[in-house]
Amino acid sequence: MERERILIPEGLREVLLHACCAPCSSAIVEWLMQHDVRPTIFYYNPNIWPREEYEIRKNESKRHAESLGIRWIDGDYDHGQWLQDVCGLEGEPERGRRCQQCFVLRMTATARKAKEMGIGYFATTLASSRWKSLEQINQAGLIAEQTVNSQCRFWSQNWRKGGLQERRNQLLKEYGFYNQQYCGCEFSAK
């Protein structure tokens with residue numbers, strides 16, 4: 001059986017890649033570089049709790065990018081603001097309205113950063129996780145694209161295709177990445 005192919009939008013040579021963690025971004029970054037697409041990693045995850053967990057994931061993402069010689073950008077960590085932004089949605093189940101709101105917030109920040117940097121496309125590693133709703137992620141990316149209202153486009157991509165999930169697991173071991181056991185926020189840790 002032939003694996004599903006990942007399609008690169010015409011003219012795309014650079015992408016701002018929102019990264020949730022090093023394990024999820026590793027195979028995607030490798031694939032992009034092998035296909036002459038230059039990724040810049042944007043680590044923006046104010047949902048992660050506690051702060052120590054955030055720092056571990058951030059440092060692993062930065063270590064990975066530095067090992068490949070690619071640009072890595074640290075988005076600000078403001079968990080208090082994130083809690084305000086999802087206020088009232090704390091009791092929502094995983095893949096519920098809280099997750100949708102969280103994705104929109106993170107994708108909008110990514111779109112704004114791409115616009116600021118003059119990068120025409122943005123994407124997210126969130127679309128590599130089998131625990132996440134691709135529909136929610138794609139909707140969040142499109143909302144972010146419309147909100148920022150620029151020439152910056154959301155590259156809606158299912159990063160589970162083309163053997164990337166298997167490659168992710170190999171790279172996890174090769175790099176000795178820290179592999180978290182929950183999405184990030186205190187509500188998903190329960």
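For first residues located in segment 75-98 and closer than 18 Å to GLN136 by Cα, partners that are open to solvent by 80 Å² or more (accessible area, probe 1.4 Å) and lie 6+ apart or on another chain with Cβ distances below 6 Å form the pairs LEU89/ARG97.
Considering each of LEU12, LEU16 in turn, give the residue that is part of a loop (DSSP other than H, G, I, E, B), surrounded by 13 or more Cβ atoms within 10 Å (Cβ to Cβ), out of contact with any Leu (no Cβ under 9 Å at 6 or more places or on another chain) and not acidic (Asp, Glu). From the options LEU12, LEU16, the qualifying one is LEU12. Taken over segment 132-187, the criterion of being of a type in the set (S, T, N, Q) and either assigned to a loop (DSSP other than H, G, I, E, B) or surrounded by 18 or more Cβ atoms within 10 Å (Cβ to Cβ) (or both) is satisfied by SER133, GLN136, ASN138, ASN149, SER150, GLN151, SER156, GLN157, ASN158, ASN179, GLN180, GLN181. The set of residues in segment 64-79 being modelled with pLDDT of 95 or more, under 20 Å from GLU53 (Cβ atoms) and open to solvent by 40 Å² or more (accessible area, probe 1.4 Å) consists of TRP72, ASP74, TYR77, ASP78. Look at (1) charged (D, E, K, R); (2) assigned to a helix (DSSP H, G or I); (3) within 14 Å of the chain's Cα centre (by Cα) and you find that GLU66 fails only one, number (3). All of ILE41, ILE28, ILE6 fail the test of being modelled with pLDDT under 95 and open to solvent by less than 30 Å² (accessible area, probe 1.4 Å), apart from ILE6.
Within the bounds of segment 71-90, is there any residue that is under 30 Å from TYR175 (Cα atoms), among the polar types (S, T, N, Q) and out of contact with any strand residue (DSSP E or B) (no Cβ under 7 Å at 6 or more places or on another chain)? Taking every residue of segment 71-90 in turn, none turns out to be under 30 Å from TYR175 (Cα atoms), among the polar types (S, T, N, Q) and out of contact with any strand residue (DSSP E or B) (no Cβ under 7 Å at 6 or more places or on another chain).
The values are calculated or read from the model by the stated rules, or taken from the named source; none is laboratory data. Just so you know, these numbers come straight off a predicted model, no measurement behind them. Neighbour counts run over all protein chains shown; Cβ positions are idealised from the backbone, glycine included. Surface areas here come from the heavy atoms of the whole protein model, side chains and all, with no ligands, DNA or RNA. Shrake-Rupley method; radii C 1.70, N 1.55, O 1.52, S 1.80 Å.
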